[in-house]
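Heads up: the structure comes next, in structure tokens.
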Number of protein chains: 2
Amino acid sequence: MAAKRALIIMAPKGAEEMEVIITGDVLERGGIHVDYAGLAGAEPVECARKARIVPSIAFDEAKNKEYDIVILPGGQPGSTALAETPKVGDLLKKQAAAGKLIGAICAAPIALLSHGIKAEVLTSHPCVKDQLVEGGYTYSEDRVVVSGKVVTSRGPGTAFEFALKIVELLEGAEKADSLIGPMLLKI
Amino acid sequence: MAAKRALIIMAPKGAEEMEVIITGDVLERGGIHVDYAGLAGAEPVECARKARIVPSIAFDEAKNKEYDIVILPGGQPGSTALAETPKVGDLLKKQAAAGKLIGAICAAPIALLSHGIKAEVLTSHPCVKDQLVEGGYTYSEDRVVVSGKVVTSRGPGTAFEFALKIVELLEGAEKADSLIGPMLLKI
């Protein structure tokens, strides 16, 4: 069976590098192939705290591929760019219509709101809570929330739990649990 | 007062990207300027789980600058490269002779051993424990160990604690504590 595939979309500037890298690394440890997409192309992305990450694929190429999950990292102004870019919305709607997973962490759930992605309940970084509640979502303060095919989480400090939940959804709880010890992670 | 400065050295291949990025990002949040050095130059580094990070500085330029802490991330074959590269040893010895901080996480403490950096007690990823004990170090299984000017830690899952300890040593406990809430970190 071919490895499952995940797409992490990095806005041209201000993706939260911990959320990009913790999520991608843990998924790779779980045997899931990760593409790091550059929304503006394949040039290095300057992240929220100045680290520069090279995309493995340009968004315009990635949007024509199939992914088992599409993931939106937080950080600013990255989250706002994801929320305001129509082609991100097109991809999320395609993903939702296909009954496939969508993940968003930190401030990135504002992109679910702006692009009309439904979820019965979600969470986010507290800084965008009001926006999401006003947008009509039922809000939870759990560290990771799974609602239908939408997985949300709260910030860099919840990124390991977010990533492990995604591994669990795609590869099972046993695989996810097997990653905790070697990383010396305390959950 | 000028911002304190940290140097994170990335081997040409196989630095553990979570340890690079969590450490660098948390230090930046703590007001510490971080340089990501490329041991082989300024070209992007392919990390242990395939993410590619662009150095902010080539090692050969960084080695002539002053840093308040020099940090070795783990990952393989990155840690072995750090352990086997004489110019990394030269920099660590210069840092130790100046009474300045050195940090190493995961498998990277093997570079402290190979370059003769003294510490009364240290920790590491369990996979290199035997090597360090045979090398004469007193070994601790604490998640972060500070011994004189040497700070060590155990793996990706302890990287937040490692980074927060470094912020505490350079900027004080109040600054370190102030970072925990906004990251939604559970310590």
When the residues of the stretch A:18-42 are filtered to those that are farther than 23 Å from A:A107 by Cβ and within 10 Å of another protein chain (Cβ to nearest Cβ), which remaining residue is surrounded by the fewest Cβ atoms within 10 Å (Cβ to Cβ)?
A:H33
Cβ-Cβ below 8 Å, separation at least six or inter-chain, first residue in the stretch A:130-147 and in contact (Cβ under 8 Å) with a residue 12 or more places away in the chain and closer than 28 Å to A:I187 by Cβ, second part of a strand (DSSP E or B) and aromatic (F, W, Y): which pairs?
A:L132/A:Y139
Sort through A:S56, A:S79 and tell me the only one that's among the hydroxyl-bearing types (S, T, Y), in contact with a strand residue (DSSP E or B) (Cβ under 9 Å, 6 or more places away or on another chain) and free of Cβ contacts under 8 Å to residues at least 24 places away in the same chain.
A:S56
Expected single match for modelled with pLDDT of 95 or more, in contact with an Asp or Glu (Cβ under 8 Å, 6 or more places away or on another chain) and under 25 Å from B:E168 (Cα atoms) among B:K100, B:K93, B:K50, B:K13 is B:K100
Report every pair of residues separated by at least 6 positions or lying on different chains whose Cβ atoms are under 7 Å apart, first residue within the stretch A:9-24 and on the phi > 0 side of the Ramachandran plot, second surrounded by fewer than 24 Cβ atoms within 10 Å (Cβ to Cβ) and at pLDDT 95 or above.
A:G14/A:Q76; A:G14/A:P77
Give B:K4, B:K93, B:K50, B:K65 a once-over and let me know the one that is basic (K, R) and within 14 Å of another protein chain (Cβ to nearest Cβ).
B:K50
On the given criteria, is B:A111 over 13 Å from the mean Cα position of the chain (by Cα), in a helix (DSSP H, G or I) and modelled with pLDDT of 95 or more?
no
Restricting attention to the stretch A:148-159, which residues are free of Cβ contacts under 8 Å to residues at least 60 places away in the same chain, within 14 Å of chain B (Cβ to nearest Cβ) and out of contact with any Phe, Trp or Tyr (no Cβ under 6 Å at 6 or more places or on another chain)?
A:T152, A:R154, A:G157, A:T158
Do we find that A:A96 is more than 14 Å from A:L112 (Cα to Cα) and of a type outside the set (S, T, N, Q) in this structure?
no
Looking only at the stretch A:83-107, which residues are over 22 Å from A:V133 (Cα atoms) and assigned to a loop (DSSP other than H, G, I, E, B)?
A:A98, A:G99, A:K100
Only residues that are under 14 Å from A:L184 (Cα atoms) and either more than 14 Å from chain A (Cβ to nearest Cβ) or aliphatic (A, V, I, L, M) (or both): list them for the stretch B:160-187, please.
B:I187
In the stretch A:133-156, anything under 17 Å from the mean Cα position of the chain (by Cα), more than 21 Å from A:Q95 (Cα to Cα) and either among the hydrophobic types (A, V, I, L, M, F, W, C) or surrounded by 24 or more Cβ atoms within 10 Å (Cβ to Cβ) (or both) is listed as A:R154, A:G155, A:P156
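The values are calculated or read from the model by the stated rules, or taken from the named source; none is laboratory data. Everything numeric here is computed off the predicted structure, so don't read it as measured data. Using ideal geometry, Cβ is built from the backbone for each residue, glycine included, and neighbour counts are taken over all protein chains shown.
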